[in-house]
Amino acid sequence: MEGEETVTCLTTNEIKALAKPEFAANPEKFYPTETFAKMGYSRAQCGICKNHYWRCTEEKVTCGDSNCDGSYSFIGKGLAKDGKYWTF
Ligand SMILES: [Zn+2]
């Protein structure tokens, strides 16, 4: 299966790393909107921390941060007896 690429979502940090020179030069104004749109990404707001992030699938509802992904996964699935979330 060599040569095949799996499409994965990039985290905000990964995207920022890709665009580092531009971000470094103009971190607040620059956002490669067109580039990411062409790549199939869309702008979305994290359902947990409310930060904005880029996503490549409508199914993704968090920014990709481990805290947010973890919390979302456990919503509605109950808490451990001590009141803490289960962790892997
Ligand atoms: Zn988040």
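Miscellaneous remarks
- Inside region 61-71, residues that are buried (at least 17 other Cβ atoms within 10 Å of the Cβ) and part of a loop (DSSP other than H, G, I, E, B) make up a count of 4.
- Applying a threshold of 8 Å to beta carbon distances and a minimum spacing of six or more residues, or different chains, the list of pairs starting in region 31-56 at a residue that is without any contact (Cβ under 8 Å) to a residue 60 or more places away in the chain and ending at one that is part of a loop (DSSP other than H, G, I, E, B) and of a type in the set (Lys, Arg) reads 44/60.
- Of everything in region 30-60 that is of a type in the set (Val, Ile, Thr) and not in a loop (DSSP other than H, G, I, E, B), the residue that is modelled with the lowest pLDDT is 33.
- Members of region 49-59 found to be within 16 Å of residue 13 (Cβ to Cβ) and either among the acidic types (Asp, Glu) or surrounded by 17 or more Cβ atoms within 10 Å (Cβ to Cβ) (or both), listed by number: 53, 54, 55
The values are calculated or read from the model by the stated rules, or taken from the named source; none is laboratory data. None of the values given here were measured: they were computed from a predicted structure. Backbone-built Cβ (ideal geometry, glycine too); neighbour counts: all protein chains shown.
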